[in-house]
1. Test PHE194 against the criterion of being of a type in the set (A, V, I, L, M, F, W, C), over 26 Å from ALA130 (Cβ atoms) and at pLDDT 95 or above, and give yes or no.
2. Filter segment 171-200 down to residues that are near ligand 1 (Cβ under 10 Å from one of its atoms) and touching a Leu at 6+ places or on another chain (Cβ under 9 Å), then give me how many there are.
3. Is it the case that PRO137 is more than 14 Å from ligand 1 (Cβ to nearest atom) and surrounded by 15 or more Cβ atoms within 10 Å (Cβ to Cβ)?
4. What's the number of the only condition in (1) within 9 Å of ligand 1 (Cβ to nearest atom); (2) of a type outside the set (Gly, Ala, Ser); (3) at positive phi that ASN206 fails to meet?
5. Would you point out the residue of segment 157-177, among those that are part of a helix (DSSP H, G or I), of a type in the set (A, V, I, L, M, F, W, C) and closer than 20 Å to LYS277 by Cα, that is farthest from ligand 3 (Cβ to nearest atom)?
6. What are the residues in segment 263-318 that are part of a loop (DSSP other than H, G, I, E, B) and closer than 27 Å to GLY239 by Cα, if any?
7. Being of a type outside the set (Phe, Trp, Tyr) and under 17 Å from GLY135 (Cβ atoms) is the filter here; which residues of segment 252-292 pass it?
Amino acid sequence: MASFAVAFSHFAILLLTAVSLGSSLSLDYYDKTCPSADFIVTKAVRNAAYKDKTVPAALLRMHFHDCFIRGCDASVLLNSVGNNKAEKDGPANLSLHSFFVIDDAKKELESYCPGVVSCADILAMAARDAVVLSGGPTWDVPKGRKDGRTSKASETIQLPSPAFNISQLQQSFSQRGLSLDDLVALSGAHTLGFAHCSSFEGRIRNFSPASNVDPAMNPSFAGSLRNMCPVNNKAKNAGANMDTSPTTFDNNYYRLILQKKGLFSADQALLNFPKTKNLVNEFASSKEAFTRAFVNSMIKMSSITGGQEIRKNCRAVN
Ligand code: HEM
Ligand SMILES: *[C@@H]1O[C@H](CO)[C@@H](O)[C@H](O)[C@H]1NC(C)=O
Ligand SMILES: *[C@@H]1O[C@H](CO)[C@@H](O)[C@H](O)[C@H]1NC(C)=O
């Protein structure tokens with residue numbers, strides 16, 4: 001009975017989200033035209049993640065970057081052509097990788113149902129699979145996104161910066177129809193993956209004339225980050241894991257924030273509005289509350305649409 005109630009409430013959340021966005025997406029979009037779409041994507045993600053445990057985090061972040069620029073239209077997947085520099089060659093592309101997983105899924109899909117499944121939908125499904133494979137929740141991905149024809153490196157400055165404060169984060173999310181609740185839940189994606197020193201080094205040395213270290217950061221945590229990011233370090237790939245269990249989708253991210261061990265200013269800043277602080281507390285104490293909110297907000301974020309066509313090759317417009 002209890003499990004029925006839980007299952008039913010998840011179902012109700014899915015329906016509500018799809019309806020309230022009034023989007024053209026639907027859960028049964030490929031039921032007739034490509035019934036194995038989900039299965040094929042999941043297989044490609046699973047094969048890749050099995051060989052390389054950094055794949056799930058990369059796919060989750062890739063979907064976020066896609067949705068925040070021109071909607072979830074696979075603009076992040078396009079290669080630069082001629083003198084047009086694409087998003088993937090713009091600033092903020094640190095950590096973007098694993099594009100081959102989307103190519104693998106697309107290749108398989110084109111052999112089963114050519115010209116049917118958009119690259120934007122593949123990426124949305126792959127992000128879901130990345131969460132599931134990391135031990136997180138699953139959900140049905142509404143589908144029917146179209147792929148866009150434009151990708152500009154210059155537009156990646158529209159992504160939120162890791163140095164953003166809470167009002168800047170709120171603004172960045174609200175411009176895309178996302179609330180403070182969505183901000184706190186989706187930031188929980190930082191339970192997975194890795195960040196380069198450049199994304200947080202402003203907090204650990206020469207922070208301000210008054211303080212070497214960001215006072216919002218635990219001093220011994222700052223010390224351990226300094227060890228990982230030596231001054232004048234030549235190893236451009238040095239960095240730190242996003243949380244203490246970077247391949248497991250859990251709520252440690254929120255617990256660390258409460259200990260002043262958030263990696264980015266933008267993570268730690270979630271404590272700076274009473275509303276967002278309350279949510280951090282709630283998600284830190286309940287993994288179940290976090291995962292429910294995360295699923296709801298992922299569906300919302302991934303329903304920001306924007307494209308026009310079904311690309312044949314995810315790296316190039318038709
Ligand atoms: C709230 C605003 C956000 C900011 C400012 C932000 C910023 C960043 C930065 C700077 C990195 C590290 C890049 C690097 O140094 O290599 C990163 C990594 C990551 N972000 Fe975010 N992010 C935000 C929201 C999100 C959202 C909404 C998601 C997904 C739902 C997400 C998923 C990830 C993941 C999974 C990684 C690790 C990537 C990897 O290991 O390959 N982020 N983020
Ligand atoms: C990120 O941008 C740099 C500079 O344009 C480029 O050399 C690099 O290949 C890009 N990274 C990815 C993963 O595309
Ligand atoms: C956030 O930063 C902006 C831009 O620097 C500033 O105008 C604003 O007052 C800051 N807000 C908070 C809450 O710190």
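1. In short, no.
2. 18
3. In short, no.
4. (1)
5. Looking at residues that are part of a helix (DSSP H, G or I), of a type in the set (A, V, I, L, M, F, W, C) and closer than 20 Å to LYS277 by Cα, I get PHE173.
6. Answer for segment 263-318, where residues must be part of a loop (DSSP other than H, G, I, E, B) and closer than 27 Å to GLY239 by Cα: LEU263, PHE264, ASN272.
7. Passing the criteria: ASN252, ARG255, SER286, LYS287, GLU288, ALA289, THR291, ARG292.
Residue-wise test of (1) without any contact (Cβ under 8 Å) to a residue 60 or more places away in the chain; (2) in contact with a Leu (Cβ under 8 Å, 6 or more places away or on another chain); (3) hydroxyl-bearing (Ser, Thr, Tyr).
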{"site": "ALA235", "(1), (2), (3)": "yes, no, no"}
{"site": "PRO246", "(1), (2), (3)": "no, yes, no"}
{"site": "GLN259", "(1), (2), (3)": "yes, no, no"}
{"site": "SER286", "(1), (2), (3)": "yes, no, yes"}
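The values are calculated or read from the model by the stated rules, or taken from the named source; none is laboratory data. Predicted model, so just to flag it, every value in this text is computed and none were measured. Because the Cβ atoms are built from the backbone with ideal geometry, glycine has one as well, and the counts that use them run over all protein chains shown.
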